[in-house]
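Enquirer: Below you'll find the structure I mean.
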Amino acid sequence: MNLSDELVSLKGIGPALSQKFLKIGLVNVDDLVNYFPRRYSDFSNVVEIASTKPGDITVVGKIHQVTGRYSRRGLHITEAIVSDKTGSLRLIWFNQHYRKDSISSNKEYFVSGDFGLHGKSMSLINPAVELVSNFPVSTARILSIYRETKGLNSNQIRQAIKAALPYFEQIEEILPDWIISRYDLMPRAEAHRQIHFPKDQKTLEKARFRLGFEEVFELCLSSLLAKAEIKKQVAVPFKFDETIAKKFVNQLPFKLTDEQKRVVWQIYQDIGKSTPMNRLVEGDVGTGKTVVSSMAALMVLHSGYSVAFMAPTELLARQHANTIANLLKNLDMDKYVSLLLGSLNPKQKILALEHLKSTDMSIVIGTHALIQEGVDITKLGLVIIDEQHRFGVKQRQALLKKIGYMPHLLSMSATPIPRSLQLVVFGELDVSRIKHKPYESKQINTQIYKQNKRLKMYQLVAKELDQGNQAFIVCPHISRDSQIKLASAEAIYEELTKGPLKSYRIGLLHGKQKKDEQDKVMQDFVDHHLDAIVSTTIVEVGVDVPNASVMVIEAAERFGLAQIHQLRGRVGRSDIQGHCFLVIADDNQPSPRIRALEQSSDGFRLAELDLKLRGPGAIYGTAQHGILDLRIAQLDDEDLIYSAKQAATEFIDKDNLLQYDQLSKRVAQIRSVTNLN
């Protein structure tokens, strides 16, 4: 037996069933063992029939008077009576024909289900039935409920895990003995057993703490190791020049806020050291992160070194170049600002590359083109990355390897990062927050619309367009999906151009278009050659369209809260009132999660809620990897986080990661998506 054995090696799993397990990503026994429950239903309360009360219960008795019939509407109904020495209960199953032939009247069964009023009598509806044994799987215990798929339910998954129990002895411990002892952790193999088949609530909580501790410990250890490595690197220190800083501030057409001044000073202190800065500046759209980064670039440029400024898209790179050049114009330093983009023609690219090689001082702004072969940025002192989680680690590694030493690193993000996530995932970063905008902006009017009010909502959009304003219409998918049946960009574009917005200029923007086509559509929108664009979340990052007053988000429940908050930050960026219309996919009442967007404009509060509901991967931008998924731990569990972080800190001081093979591999996986080294 080996945990790498395919699932067909388990009793009860044939080729057909193994294909269903494959649909949820389970290939071998190890996958199955680590397929943790989503939630639990507690049927451990076994009572006598005379003592039953409404709710989830389990009784023990013999089942008799089993009958089957069809209702007038063709629904098959199986009815039976279960009895013990204290009384009897009525059982009802719908469309479970096999029940009549599967029940023996002379045997005792566990019967678990929801006891409540059905018609005029109290009954157990669709109860689970299982022969009495010392190890029930679907009754008389705390039942693990898993993510399911068509043809594969939680009971089948539990049966498979029961068949795999002999393999649990092969689950190796990955944490040091001293950590297990100091934090009173359940042994790893036992924690896996109890997470699937909990003995009781107390034991389940101990198993959850053990496995959750492990998850958070791995994340903390990854970030702390990164921070330790960064401290070993050497960077060029840049001396603070008060004269040039004051000259820059005095020529600004606006006054810096106290928060901006505080963050700039933190950056100046960082880059004044020979240890590389590794700082993240986070703040909502419009809080002035660009002027802060410009002041950082100014000090490096003034010292005779270059700055690389990486943006997620070419359009955003051009916008940053224009903004930074304007900020430096009165200092006669705008001449040092240059663009390096993939779309430059060969002649333009040659000139740009020659310029970079011939000067020690430049602020070169671009996308991934900055890290291509042949790009030589002389004396690179600072790297600024806008929306840092949108760049792959390999791309960032390539940029840092080019120069042979570690430049100072400044990351910027408009997605607020909850404090618990900062502690666990972003521990290698020093984080600065800018919470307030430097001007009094109008709060964006956010409204929720059900499907039956959708056309009325588009009439409001048309009124905005009639006033010369522009609109974003964002959809969760590119093409129509017959299974999910959600709004797609292509379907909405077709509907609007033939219906509610047919008299307006509308563009279509999505990730399957060629890059040139995407850039043209977005540029046409920026130049107001289009009144509206129907798009996927490709428009989420950074694009500044002051004339845009409306953000429509179709099937809003399919998006994260932080994501929607950032999307609505694309509108209302001038003195025009901004509107965000959230369209839900049906006519049901909006969920409390969606209501939170209507009630709050606090990005940090929404990010905290998003973290609780969706996990860290969604916020960091690595959800597709699954590497940051916390399947057990909750990041609002302060005791767990404190203990795991303390253990990770102690581990670095007294232990050696290379001695723990599995832990070492897991940490390497995490660092592949979260670190810049």
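The values are calculated or read from the model by the stated rules, or taken from the named source; none is laboratory data. Predicted model, so just to flag it, every value in this text is computed and none were measured. Note that we place each Cβ from the backbone using ideal geometry, even for glycine, and neighbour counts take in every protein chain shown. For the accessible areas, the whole protein counts, side chains as well, though only heavy atoms, and no ligand, DNA or RNA atoms are used. Shrake-Rupley method; radii C 1.70, N 1.55, O 1.52, S 1.80 Å.
Enquirer: At 37 °C and 0.692 mPa s, what whole-number value in µm²/s does Stokes-Einstein give for the translational diffusion of the stretch 87-186, with Rh from the Kirkwood sum over Cα pairs?
Expert: After rounding, the answer is 193 µm²/s.
Enquirer: Note the full-extension length gain between M1 and K329 as 0.36 nm times their separation in residues minus their Cα-Cα distance, in nm to one decimal.
Expert: Computed gain between M1 and K329 is 111.0 nm.
Enquirer: Can you compute the FRET efficiency between E650 and V234 using 1/(1 + (r/R0)^6), with r the Cβ-Cβ distance and R0 = 30 Å? Round to the nearest 0.05. Before the final figure, lay out each step's value.
Expert: Working: r = 28 Å, r/R0 = 0.92.
Once rounded, the FRET efficiency stands at 0.60.
Enquirer: If you restrict to DSSP beta bridges whose two residues both lie in the chain, what percentage is antiparallel, to the nearest 5?
Expert: 40
Enquirer: Kindly give the semi-axes, whole Å and largest first, of the ellipsoid equivalent to the chain, taking each as the square root of 5 times a Cα gyration tensor eigenvalue.
Expert: For the chain, the ellipsoid semi-axes come out as 54, 33, 21 Å.
Enquirer: Answer with one residue from M186, S18, F94: the one whose Cα lies farthest towards the positive end of the charge dipole of the chain, charges on Cβ with Lys, Arg +1 and Asp, Glu -1.
Expert: F94
Enquirer: Just want the answer: with Cβ charges of +1 for Lys and Arg and -1 for Asp and Glu, which residue in T313, A644, Q348 is farthest toward the dipole's positive end in the chain?
Expert: T313
Enquirer: A further question follows. Could you give the length gained on full extension between K498 and F254, defined as 0.36 nm per residue of separation minus the Cα-Cα distance, in nm? Intermediate values should be presented prior to the final figure.
Expert: Working: separation 244, 0.36 × 244 = 87.84 nm, distance 4.50 nm.
Going from the current span to full extension adds 83.3 nm.
Enquirer: Would you list V307, V132 from the most to the least accessible area, probe 1.4 Å? Please list the in-between numbers first.
Expert: On the way: V307 0, V132 70 Å².
From most exposed to least exposed: V132, V307.
Enquirer: Please compute the Kirkwood hydrodynamic radius of the stretch 133-223 from all pairs of different C-alpha atoms, in Å with one decimal.
Expert: So the Kirkwood estimate lands at 14.6 Å.
Enquirer: How much mean residue ellipticity at 222 nm does the chain get from its helices, if each DSSP H run of length 4 or more adds -39500 (n - 2.57) and you divide by all residues, to the nearest 500 deg cm²/dmol?
Expert: Computed ellipticity for the chain at 222 nm equals -11500 deg cm²/dmol.
Enquirer: Here's a follow-up. Placing unit charges on C-beta atoms (Lys and Arg positive, Asp and Glu negative, everything else neutral), compute the dipole magnitude of the chain about its Cα centre in debye, rounded to 20.
Expert: In total the dipole reaches around 1120 debye.
Enquirer: Ranked from the most accessible area to the least, with a 1.4 Å probe and all protein chains present, what is the order of W93, W265, W178?
Expert: W265, W178, W93
Enquirer: Can you list, largest first and rounded to whole Å, the semi-axes you get for the stretch 197-263 by taking the square root of 5 times each eigenvalue of its Cα gyration tensor?
Expert: 50, 20, 6
Enquirer: Among L331, S51, V364, which residue has its Cα positioned farthest towards the positive end of the charge dipole of the chain, with +1 placed on the Cβ of Lys and Arg, -1 on the Cβ of Asp and Glu, and the dipole taken about the Cα centre?
Expert: Positive-end residue among those listed: S51.
Enquirer: Rounded, prolate or oblate: which one fits the stretch 444-571, using the alpha carbon gyration tensor with axes a ≥ b ≥ c (rounded when a/c is under 1.5, else prolate when a/b beats b/c, else oblate)?
Expert: Rounded, since a/c falls under 1.5.
Enquirer: Could I ask something else about it? Give the carbon-plus-sulfur fraction of the accessible surface of the chain in %, rounded to a whole number; probe 1.4 Å, heavy atoms of protein chains only.
Expert: Summing carbon and sulfur atoms, their accessible area is 48 percent of the total for the chain.
Enquirer: Heads up, I need the accessible area for F115: 1.4 angstrom probe, whole protein in place, Å², nearest 10.
Expert: Rounded to the nearest 10, that gives 20 Å².
Enquirer: May I pose another question? Once ligands and nucleic acids are excluded and a 1.4 Å probe is used, how much of S181 is accessible, expressed in Å² to the nearest 10?
Expert: It works out to around 90 Å².
Enquirer: Right, something else. Kirkwood hydrodynamic radius (Cα pairs, Å) of the stretch 30-112? It would help to have the intermediate numbers written out before the result.
Expert: Working: mean 1/r = 0.0679 Å⁻¹.
Taking the inverse mean of 1/r over all distinct Cα pairs, the stretch 30-112 comes out at 14.7 Å.
Enquirer: Before I look further, what does the chain give for accessible area per residue, probe 1.4 Å, in whole square angstrom?
Expert: On a per-residue basis, the chain sits at 46 Å².
Enquirer: Longer than 31 Å from Cα to Cα, which of K20/K515; K232/K289; K456/K514; K231/K402; K20/K453; K335/K437 are they? Say none if no pair is.
Expert: Beyond 31 Å between Cα atoms: K20/K515; K456/K514; K20/K453.
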